[in-house]
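Everything on this sheet refers to the single structure shown next.
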Amino acid sequence: MKKETTPLRLIYPQWQGGIVDHWMPDIPAEDSSRGYYLGAQLLNLLAPDSNQKTVEVPVSLDINDRATEKGINSRSVIVKQSKAALDILNENKPDRIITLGGECSVSVVPFTYLAARYPNDVAIVWIDAHPDINLPYDDYKGYHAMALTACLGMGDEEIMNLLPGKFDTSKALIVGLRSWDKGMQERQKELGIKGLAPKETADNSSSIMKWLKSTGTSKVVIHFDLDVIDPADMIAGVGVEPDGMKTEEVVRVINDIASEYDLVGLTIAEPMPRIAIKIRNMLNQLPLLKE
């Protein structure tokens, strides 16, 4: 559903929410840890040219600023960067937001901003291989795994007080879900968040559209984690779990939603540009380039 207002393009290269270097032993740990930063810059470079106002959230590149506090790795810098992102949104007051990340937590500030802007009239569709419903007391301390729960108003008290709005669990849907342990399966059930496996949307988007109708909302925000894509089709994120969604299926789902609902927020998250990192490291070793 096309709107006349021009969305704000928010470049949000936050990488601190992920603890991912152990999954990519072929890349130096500091480079893979900060890979989402480069990924956000590449997404902006590759995205279509437009007249959208583009603003970048300032993000630290200090690899040593990663202390775990209150159950969240890099908590202090994540809080600081969340405040910076919110300041940008409050200054620009956008009606719609495109967010190019960065790990999954880059959706938290823009989505909760939009939830407050359109009270009780926004559904959240989380397209992801993982549910991202962790909480700070869980074993894994990466904030990107807590992104959806943060959007639902659950998590670190200071961060929750910072966020301008939240979504009801009845207005949250996870699409492409295929990688989560028994504990997260039980939590998803307890929270009452509906999830759809890749095979349930492979042929058409009818199950999503039926769910959206049941929410009674007119607006939607969509989070698109690139690891939802089947690695046989394209390896764009960190995760390489098989049997994911095809690229064209994700594109169709997003366009089907936008054709019938007011798409006020769209995030593309978790790009891990392995080849680009390796090319950059190669170039850094060649003569003349640094002169």
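Some observations on this one:
- Legend: calculated FRET efficiency, Ile279 to Ser206, from the Cβ-Cβ distance at R0 = 45 Å, rounded to 0.05, equals 0.60.
- Relative contact order, percent, the chain [alpha-carbon distance under 8 Å, six or more residues apart]: 23 percent
- Once the C-beta distance of Lys290 and Arg66 is scaled by a Förster radius of 30 Å, the resulting FRET efficiency is 0.60 to the nearest 0.05.
- Fully extending the segment from Asp181 to Glu260 would add 25.1 nm, taking 0.36 nm per residue of separation and subtracting the current Cα-Cα distance.
- Using the Karplus relation 6.51 cos²θ - 1.76 cosθ + 1.60 with θ = phi - 60°, the per-residue 3J(HN,Hα) values for region 125-130 come to 10, 9, 8, 6, 5, 10 Hz, with x marking Gly and Pro.
- The sum of -39500 (n - 2.57) across all DSSP H runs of n ≥ 4, divided by the residue count of the chain, sets its helix-only mean residue ellipticity at 222 nm to -10000 deg cm²/dmol.
- Compared with the direct C-alpha span, the chain from Ala47 to Thr6 gains 13.2 nm at full extension, assuming 0.36 nm per residue.
- Cα gyration tensor, the chain - rounded (a/c under 1.5), prolate or oblate: rounded
- Among beta bridges that DSSP assigns inside the chain, antiparallel share in %, nearest 5: 5 percent
- Relative contact order of region 206-291, defined on C-alpha pairs under 8 angstrom at six or more residues apart (%): 34 percent
- Ranked Glu91, Glu69, criterion: other C-beta atoms within 10 Å, fewest first: Glu91, Glu69
- Residues of region 265-281 falling in the label zone of Asp26, defined by backbone nitrogen less than 11 Å from a point 7 Å along Cα to beta-carbon, are 274-275, 278.
- Gyration tensor verdict on region 13-116 (Cα atoms; rounded if a/c is under 1.5, prolate if a/b is larger than b/c, oblate otherwise): oblate
- C-alpha center-to-center spacing [region 63-132, region 177-206] in angstrom: 22 Å
- Annotation: amide H of Gln14 within the under-5 Å range of Glu103, sequence separation 5 or more or interchain, hydrogens built in the peptide plane.
- Top of Ala85, Ala236, Ala67 by mean-square fluctuation, Gaussian network on the chain, Cα under 10 Å: Ala67
- Note on the chain: GNM, Cα springs under 10 Å; of Lys199, Lys246, Lys219, the largest mean-square fluctuation is that of Lys199.
- Amide H within-cut-off set for Thr99, under 5 Å, with H built and near neighbours excluded: Leu10, Leu266, Thr267, Ile268
- Arranged from fewest to most other beta-carbon atoms within 10 Å of their beta carbon, Glu200, Glu103 become Glu200, Glu103.
- Choice from Ser105, Ser50, Ser170 with maximal GNM fluctuation in the chain (Cα, 10 Å cutoff): Ser50
- Only helices reaching 20 angstrom along their own axis (Cα) with mean Kyte-Doolittle hydropathy no lower than -1.0 count here, and for the DSSP H runs of the chain these are 75-92, 247-260.
- Long-range amide H partners of Lys246 with built H, under 5 Å: Asp230
Every read-out reported here was derived from the displayed coordinates using simple, explicitly stated rules and does not represent laboratory data. Keep in mind that this is a model prediction, so the values were computed, not measured. Positions of Cβ are generated from backbone atoms using ideal geometry, with glycine treated the same way; all protein chains shown enter the neighbour counts.
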